[in-house]
Amino acid sequence: MSIFIHDIVTANPPDFADQQKVREIMKSKVGKDRVTQSIIHRIYSQSGIEKRHSVLNEVFSDSELTFFNRALSSDHSPGTGERNDLYKKESSKLFVEIGTRLMAQNPGFRKEDISHVITVSCTGFFAPGPDFEVVRALGLPPSTQRFHIGFMGCYAAFQGMKMAQSFCKADSNANVLVICTELCTLHFQNNTNIDSLVATSVFADGAAGMLISSRKPRSGFELNAFTSSLAYEGEKDMAWTIGDHGFNMVLSTYVPEIISANLEEVISPMLRKLSISKEQIDIWAVHPGGRAIVDKVEQAMQLSEYQIRSSRKTLANFGNMSSATVLFVLKDVLDSEFEEGTRVLPIAFGPGLTIETGVLSVVHS
């Protein structure tokens, strides 16, 4: 049975910050010496990012009482509880917005047709969770099956896709909403560790969702195959832990090298199973965890700039929004109106070091 992505919807908080301005703020508030300021300047200048969205709408305020300025303070940093309270308030809006728009843009699906809701996030927790909020706000039946994928990181949209695919294969009448929402900027901290500085330079806020079903869409993707692997040597190079002042982000400068060293081994068995070669993949939807990651994938797989342009475009306009990011890339591919049969290889990375990938095909009816 063929399973399809019918639609992809994305959203961001309305406020955003120019990357160069954030660079100067970080240099003044976090860079306590010229060496640290120089490191910050280089990291931000070479990030490949032009702007990032955030729920913290007072980034450029001079008041030391704003959440953002307190987060970058050594003495008055908000605790994890305060950060999580803001996560609950702001993430709920985005989860519901994505669900509402998916239903509005796909009138062929009635509320009672939605059998499952899968929510995805690693930047906060609350219960009843976002799955509950979506079902209630959209007026879905109380019997709608609900699932939440939490704290898996940047690759977790793949877990949502694979779960939805399994539900639809088990029941041809299943129609699944998958919604990812991440508010990474809530966890910015005053930390001069190089891995923390790299993470703070790329992470941003955003949400994205999919409608997945066995019905053939007017225009969308067919889910052809998925595969997953672990590069154990990178276990400590990409990580989230919960601290007293938010979640502690680690994004090591070694990650791009680890990914490029393992990529061929991960992808080749999946392509052999589909009886296709690497050269038969038309577009690569790479999760742009950072510019160096996109660069290394491009070099390792000998890709053209055209094949990877949606990843660079997403990085420039939105930064790294954790699990939602690969869906922004796929949305850009879908909006490009490629011809039927165009093969797309999405790929994302996360703690573990986990590498998740698959093959999708563009379909039109």
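At a glance:
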item	result
Residue count, the range 310-327 (criterion: open to solvent by 10 Å² or more (accessible area, probe 1.4 Å) and in contact (Cβ under 8 Å) with a residue 24 or more places away in the chain)	4
Selection count where residues are in a helix (DSSP H, G or I) and within 24 Å of D205 (Cβ to Cβ), scope the range 28-45	7
Given (1) farther than 21 Å from Q19 by Cβ; (2) over 17 Å from the mean Cα position of the chain (by Cα), number of the condition V333 does not satisfy	(2)
Residue in the range 331-348 that is over 19 Å from P13 (Cβ atoms) and touching a Cys at 6+ places or on another chain (Cβ under 6 Å) present	yes
Filter result for A204 (open to solvent by less than 10 Å² (accessible area, probe 1.4 Å), of a type in the set (A, V, I, L, M, F, W, C) and in contact with a Cys (Cβ under 7 Å, 6 or more places away or on another chain))	yes
The range 240-253: number of residues that are within 20 Å of the chain's Cα centre (by Cα) and either free of Cβ contacts under 8 Å to residues at least 24 places away in the same chain or open to solvent by 30 Å² or more (accessible area, probe 1.4 Å) (or both)	6
Which listed residue, of L183, L140, is among the hydrophobic types (A, V, I, L, M, F, W, C), surrounded by fewer than 24 Cβ atoms within 10 Å (Cβ to Cβ) and either out of contact with any Lys or Arg (no Cβ under 9 Å at 6 or more places or on another chain) or within 19 Å of T100 (Cβ to Cβ) (or both)	L140
Answer residue from the range 1-55, given it is under 30 Å from T100 (Cβ atoms) and aromatic (F, W, Y) and is modelled with the highest pLDDT among those	F4
Residue ranges of strands (runs of 3 or more DSSP E) in the range 237-292 with at least 1 members touching a Pro at 6+ places or on another chain (Cβ under 7 Å)	238-243, 283-286
Scan of the range 74-91 for residues that are open to solvent by 20 Å² or more (accessible area, probe 1.4 Å), farther than 15 Å from G243 by Cβ and not basic (K, R), ordered by number	D75, H76, D85, L86, E90
Residues within the range 1-40 that are open to solvent by 20 Å² or more (accessible area, probe 1.4 Å) and among the aromatic types (F, W, Y), tallied	1
Per-region count, the range 46-67, residues over 22 Å from the mean Cα position of the chain (by Cα) and not in a loop (DSSP other than H, G, I, E, B)	1
Options I293, I267; residue that is surrounded by 18 or more Cβ atoms within 10 Å (Cβ to Cβ), β-branched (V, I, T) and under 20 Å from L315 (Cβ atoms)	I293
Some residue of the range 189-200 being open to solvent by 40 Å² or more (accessible area, probe 1.4 Å) and under 18 Å from F349 (Cα atoms)	no
Among the candidates Q307, Q299, residue that is part of a helix (DSSP H, G or I), open to solvent by 10 Å² or more (accessible area, probe 1.4 Å) and touching a Phe, Trp or Tyr at 6+ places or on another chain (Cβ under 7 Å)	Q307
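The values are calculated or read from the model by the stated rules, or taken from the named source; none is laboratory data. Predicted model, so just to flag it, every value in this text is computed and none were measured. Cβ sites come from the backbone with ideal geometry, for glycine too, and all protein chains shown count toward neighbours. Areas reflect the complete protein model, heavy atoms only, side chains present, ligands, DNA and RNA absent. Shrake-Rupley method; radii C 1.70, N 1.55, O 1.52, S 1.80 Å.
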